[in-house]
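A quick write-up on the structure given underneath.
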Amino acid sequence: MKILAAFLVILIVLAAIVLLRAMRLVPTPARTVRLEPERSQRAEKYGKQLAVLIRQETISDRNDPDKSKFLAFHEKLEELFPNLHATCEKHVFQGSLLFCWKGKGTHAPILLMSHHDVVEAGGAWEHAPFSGDIDEAGRVWGRGTVDTKASLFCMMTAVEELIGEGFVPECDVYLASSCTEEISGEGAPLTAAYLKEQGVKLALLLDEGGMIIKEPVAGVKGTYGMVGVLEKGYADLRFTARGSGGHASAPGKNTPLVRLGKFMAAAERHSPFKDSFNDTVKEMFGRMAPNMSFGMKLIFANMWLFEPLLKKLLPAISPAAGAMLHTTLAFTTAKGSDGLNVLPQEAWVTGNMRFIPHQSNEESIALITGLAKKYGIETEVLFQYPPCPVVDYRGSGFQLVEEVMHEVYPGVDVCPYVMTGGTDAKDYRELSEHCLRFAPLMINEQQYESIHGLNENIFQGALPGGVDFYKQIIRKS
């Protein structure tokens, strides 16, 4: 009885601690970010200017070396931003752009980035993908509005207007825009190599990445600026199964396609990769916890107790959140026999891997190679690069972004998070310890989901805030 009583006391104390920790989290006061009259007037002007850039189609294609469409886009930029082109040094690297606005030289330089190539735009759109239409709600429609011509427009507008005001920055300000980001091409590597040759060390780099979005995680209220501080590594692998082939009318057991199917099912059902709540994810959920539903507060305010459970549940609840905890593998393309009635002598599938820093490329590839061997499957690494260095959210770069966010978007919280996709910033890792992935534009869930999908659009009312954000970053650098 004494043991049972002691156990009950421990449970009561534990429950009290869990409840108290959750109850101490005070929600951020709900605030609506409104468009001020002055910003409203600018929004209409900016929307029309952005539409000009959207109408210039800039789909990148690794099999097409012709850069004429990108050079035509550059001409549009020159028309829209005469001050920038008259004042800044301009370099072109096979269609990719770099501008340098010389400052007073009292501080280390900064680099603002957004690519101007886009992905293809098939399917049935509400507005043609390169129409640049602006609807009654003030949405600019077209491929590239979110990814990433709007942020490019905002950073260039910031420089254009600051030059017009006679402002001279304390540091050199670089603007970079690749035309090969979507195909992992040569634009960013060539630009980064040039800067490295010039001995440039950046105090801050801001590329595409997270944006400003309401309720970024189910059950979390409020609006957040999601700043990417960790970009996962990348690899493409081919998994090949071989057999004797033959006629499909008399199939044997475990033919190449069957073995590949078993392997893929096993990899999905029992992932060999290790889950871990890294420091970035813990900080992200810690900042969101005050605005969570009470049930979620109980869990996330007591990570010391519930972390093992969350490792199991989070990937099932949210694949996007789960991808922040581990290396991922997605099977993407496949090839079997050329004949409908022929068993393949060789079949293969490809897998796209994204590596988390706590489990290296080598370890992750070894794990999946070992699983493939169990099914008689060979593994070939086609291409890979490692995770980028994790940016300290306590560092000067993140703190500057956070400070400016609170000035330009009062009431919006700022969270570090894990970038599960890739950016051009990976090629600049040697140039700065503060490579952040963040576009300061407010979007909704539909607009976020339209990236690389149908009906990409952005509210023109988001543009003035983006311009003001980049202005303040430049002024304070």
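The values are calculated or read from the model by the stated rules, or taken from the named source; none is laboratory data. These numbers were taken from a predicted model, which means no experiment stands behind them. We place every Cβ from the backbone using ideal geometry, glycine too, and count neighbours over all the protein chains shown. All accessible areas refer to the heavy atoms of the entire protein, side chains included, with ligands and DNA or RNA removed. Shrake-Rupley method; radii C 1.70, N 1.55, O 1.52, S 1.80 Å.
Points to keep in mind about this one:
- For region 445-466, the set of residues classified as open to solvent by 60 Å² or more (accessible area, probe 1.4 Å) and either among the hydrophobic types (A, V, I, L, M, F, W, C) or in contact with a Lys or Arg (Cβ under 7 Å, 6 or more places away or on another chain) (or both) consists of 454, 459, listed by residue number.
- Checked across region 159-167, the condition of being surrounded by 24 or more Cβ atoms within 10 Å (Cβ to Cβ) and in contact with a strand residue (DSSP E or B) (Cβ under 7 Å, 6 or more places away or on another chain) holds for at least one residue.
- Pairs where the first residue, in region 85-114, is aromatic (Phe, Trp, Tyr) and the second is open to solvent by less than 10 Å² (accessible area, probe 1.4 Å) and not in a strand (DSSP E or B), C-beta under 8 Å, 6+ apart: 93/187; 93/191; 99/84; 99/159; 101/84; 101/159; 101/169
- Only one of the numbered conditions (1) in contact with a Lys or Arg (Cβ under 9 Å, 6 or more places away or on another chain); (2) surrounded by fewer than 20 Cβ atoms within 10 Å (Cβ to Cβ); (3) within 18 Å of residue 448 (Cα to Cα); (4) hydrophobic (A, V, I, L, M, F, W, C) is violated by residue 137, and that is (1).
- Pick from region 172-229, criterion among the polar types (S, T, N, Q) and closer than 26 Å to residue 118 by Cα, ranking: most open to solvent (accessible area, probe 1.4 Å): 184
- Going through (1) modelled with pLDDT of 95 or more; (2) hydrophobic (A, V, I, L, M, F, W, C); (3) over 28 Å from the mean Cα position of the chain (by Cα) one by one, residue 54 falls short only on (3).
- Condition check for residue 264 on (1) open to solvent by 40 Å² or more (accessible area, probe 1.4 Å); (2) farther than 18 Å from residue 319 by Cβ; (3) assigned to a helix (DSSP H, G or I): one failure, at (2).
- Among the residues of region 349-376, those that are under 23 Å from residue 390 (Cα atoms), in contact (Cβ under 8 Å) with a residue 12 or more places away in the chain and not basic (Lys, Arg) comprise 352, 353, 355, 356, 357, 358, 359, 360, 361, 364, 365.
- Residue-level check: of (1) of a type outside the set (A, V, I, L, M); (2) over 18 Å from residue 85 (Cα atoms); (3) under 21 Å from the mean Cα position of the chain (by Cα), residue 130 misses just (3).
- Scan region 190-224 for residues that are part of a helix (DSSP H, G or I) and either in contact with a Ser or Thr (Cβ under 9 Å, 6 or more places away or on another chain) or charged (D, E, K, R) (or both) and the total you get is 4.
- Test: residue in region 347-361 that is within 30 Å of residue 465 (Cα to Cα), open to solvent by less than 10 Å² (accessible area, probe 1.4 Å) and within 16 Å of the chain's Cα centre (by Cα): no
- Unique residue being over 30 Å from residue 250 (Cα atoms) and in contact with a Phe, Trp or Tyr (Cβ under 6 Å, 6 or more places away or on another chain) when the list is 387, 319: 387
- If you go through region 383-429 and keep only what is more than 21 Å from residue 362 (Cβ to Cβ) and open to solvent by 60 Å² or more (accessible area, probe 1.4 Å), you end up with 392, 394, 396, 399, 403, 406, 407, 410.
- If you go through region 20-37 and pick out every residue that is modelled with pLDDT under 65 and part of a helix (DSSP H, G or I), you end up with 2.
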